[in-house]
Structure formats: structure tokens, C-alpha cells
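The structure appears below as C-alpha cells.
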Amino acid sequence: LLGWTKCSDQLEFFLCSMYVPICTVGFANEAIPPCRSVCEAARLGCEPLLAKFNIPWPTNLQCHTLPVYDRGVCITPQAIIASDVKPRPSQEQVPCECRQQRPLRQGLYTKLHFDYVLRGSVKSVDTYGELTLTTVLVKEVVKAGRVLVLTATDAYLWTNRSCICPPLSINQDYLLLGWEDFTNSRLLYLDGSVALPYKKKYVRKILKWEGVTMPPPTPSLQPLLAPLPSTLGPLQPRIQMGNHKKKRKRRRKNNQLKKQINKQRRKERRRSKTEREAL
């Protein structure tokens, strides 16, 4: 988890010096540990990321057990860097500059081979060193790859830099398209990913491009008889199925209703004909 994230520039040296310690002449029976300051810097940058997944800082990496630089024998990254090598300058935090997002069309969708398409609400966007972690409440899984994604759960989108493009707003509903890192079981939100304010028409388009047909809408039950004109009053309630006598009675009532409807229609046709002749 931590090695990929770059949550601290001290982390790699700290873990290497802990698990593959440096040995030197005069310390044959004991390896040289990293200094406490190295551990504290790594923990400061990476512990919040572990806490995001409810993982405590490892007990075998406690900083208080390590020596302080000027009070014992320990090692720091600066101690093994050659004098003619200049340290990499720290990058200043600059505003994110994102390219304008292209419209979602079939050609773009087919070309980029997205692994996942999710509808979700953005809960948080957190930065850990050179990593940005976006937490999304999944409301609908339109398409999924090999990384398991479930509705009504949180999904984490990983970005390997401190800027995310396209930008995302908290509590906004999006349709998110991106890729996955199956080896590390992660969803990736990288430059080239797509974030659209959610609309059902986008889902229909994507399902069509994927060759998935949506189920037709459930047809509504149509009335067997057209509603009667107001002059004839409302329809009588349906008579429940019963014996033959009740069936005959129901048929008589239906026939009477049909006769009334036909009679009313004939009257209306005669009235219309009379009005046309008068004109």
C-alpha cells in the first residue's frame, strides 16, 4: 500500500534500512538502524493514509525505539548521498491546470478502453504527499472490470499526483470513467479519465456502445372500455366472479352500457351532421 503511494519521500529509505539494514566494520554484531527523525518523517506522511483504511501504524516500526542522530549511531539518507549529487528540489504546491474535457462520444469511449463506469457521489478528496485519494459513494455500477465494486459502498479512486483532472466537487453526483490496477486491486483516476454530471442519457449511450440492451419499461394496464361521457355517469364497479347467475347479470350490464355508449355516439353524430347542414 505505502510503497506505491509516495506519501513520504523518507519512506523508501526508512523501510529499506529497517528490513535490509546497513552493516559496517566495527558493528559486526549489530546493524546500523535508521535515525528516529527518518521514522518520524515517514510516519507523519503515511500514517493518515493508513488510518483512512483503518490500518494502524505497524508496532514493529515504532519511532521511539530508534536512536536520535546526535545521541547514538544511526543513519539518514543524507549520510549516503555523494557530495557531488544535489538533492532534488521540493516541488511547490501549484494550482492544478487541467485540459478541457472532450465530449463523451463513441469514438473516444472505444479508443480509451475504460475499465469501469460508475455513478457516484464524491465524499472527499485527500492528498497524501504525491498521492490523491478520492472517496466516492457508489450508487450504480454501469461497467466493472476485475476489481470488485459494489453499490452502496465507498470506492477509492487513486491518482498518483497531487492534482486530479478532471476536477471533482464534494457531494456532486458524477458518472466516472477510468481504469483499474488489478495487481494492487485499485481503481485509478488519471489524466484522461472522464467525469460528467450524472444524466441517465449517458448511461443509455454507454450501454448501447457496450452492446447491452436495457429492459423495456413495464407496460401500464389499459382500461378495457373507454371512459363514458359525463352525462352517462361513472362506470359501475366490476362484479366479482361467482355462479352462472352472477355471470349472466354482469353480461347484461355490460351490454346495457355498450348500448348506452352507442346511443350517445349516434346522437352526437346526428347533431354534428345537422350543424354541418345548417352551415
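Tabulated results
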quantity	calculated
First in the range 156-170 and surrounded by 15 or more Cβ atoms within 10 Å (Cβ to Cβ), second anywhere and part of a loop (DSSP other than H, G, I, E, B) and hydrophobic (A, V, I, L, M, F, W, C), Cβ under 7 Å, 6 or more apart	THR159/LEU190; CYS163/CYS96; CYS165/CYS96; CYS165/CYS98; PRO166/CYS98
Any hit, the range 186-204, residues being of a type outside the set (A, V, I, L, M, F, W, C), more than 22 Å from GLN100 (Cβ to Cβ), within 15 Å of the chain's Cα centre (by Cα) and surrounded by 12 or more Cβ atoms within 10 Å (Cβ to Cβ)	yes
Residue satisfying all of: in the range 171-192; polar (S, T, N, Q) and free of Cβ contacts under 8 Å to residues at least 40 places away in the same chain; farthest from VAL125 (Cα to Cα) among these	THR183
Answer residue from the range 119-134, given it is out of contact with any Cys (no Cβ under 8 Å at 6 or more places or on another chain) and without any contact (Cβ under 8 Å) to a residue 60 or more places away in the chain and is nearest to ALA42 (Cα to Cα) among those	THR127
Residues located in the range 112-130, provided they are part of a strand (DSSP E or B) and not basic (Lys, Arg)	TYR116, VAL117, LEU118, GLY120, SER121, VAL122, SER124, VAL125, ASP126, THR127, TYR128
Residue in the range 122-132 that is modelled with the highest pLDDT, counting only those that are among the aliphatic types (A, V, I, L, M) and more than 12 Å from ARG161 (Cβ to Cβ)	VAL122
Residue count for the range 6-22, restricted to those that are more than 13 Å from PRO77 (Cα to Cα) and in a strand (DSSP E or B)	0
Some residue of the range 58-70 being in a loop (DSSP other than H, G, I, E, B), at pLDDT 90 or above, within 27 Å of LEU148 (Cβ to Cβ) and not assigned by TED's automatic domain parsing to the domain that holds LEU190	yes
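The values are calculated or read from the model by the stated rules, or taken from the named source; none is laboratory data. Quick caveat, the model's predicted, so the values are computed rather than measured. Neighbour counts run over all protein chains shown; Cβ positions are idealised from the backbone, glycine included.
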